[in-house]
Amino acid sequence: METQEILQALPNLSISDRLKIAELALQLVTQQKDSLTQDEKKSQLALAAMTAIEDYANDSELIVFSDVDGEDFYDYPDED
């Protein structure tokens, strides 16, 4: 079964079956992640870092809240 077929079949499955599939998929990803060598882990981290740098450099929305750093938050009065 191809990925597209699996994705199209998911809405027709029960919630229980979808949860079983999600759980198994997560277990497989975790097992694969745990079996990576140090070099493979470093390579994945480097790729993730490069992707993040591009996101931050091109999208000011990711740093929009840094404009309010240091400002006090609204203090709600006690309603007791």
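Between Ala49 and Ala22, 0.36 nm times their residue separation minus their Cα-Cα distance comes to what?
Separation in residues times 0.36 nm, less the Cα-Cα distance, equals 7.0 nm.
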Taking Met1, Met50 and counting other C-beta atoms within 10 Å, the order from fewest to most: Met1, Met50
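Say R0 is 25 Å: what FRET efficiency, to the nearest 0.05, do Gln31 and Ala57 get from their beta-carbon distance?
Working: r = 34 Å, r/R0 = 1.38.
Here the calculated transfer efficiency is 0.15.
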For the range 1-33, which GluC sites (Glu not before Pro) pass both filters: DSSP loop (anything but H, G, I, E, B) and at most 10 other C-beta atoms within 10 Å? Glu2
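Read-outs: derived from the displayed coordinates by stated rules, not from any lab. Please read all numbers here as calculations on a predicted model, not as lab measurements. Neighbour counts are summed over all protein chains in view; Cβ atoms, including those assigned to glycine, are modelled from backbone coordinates with ideal geometry.
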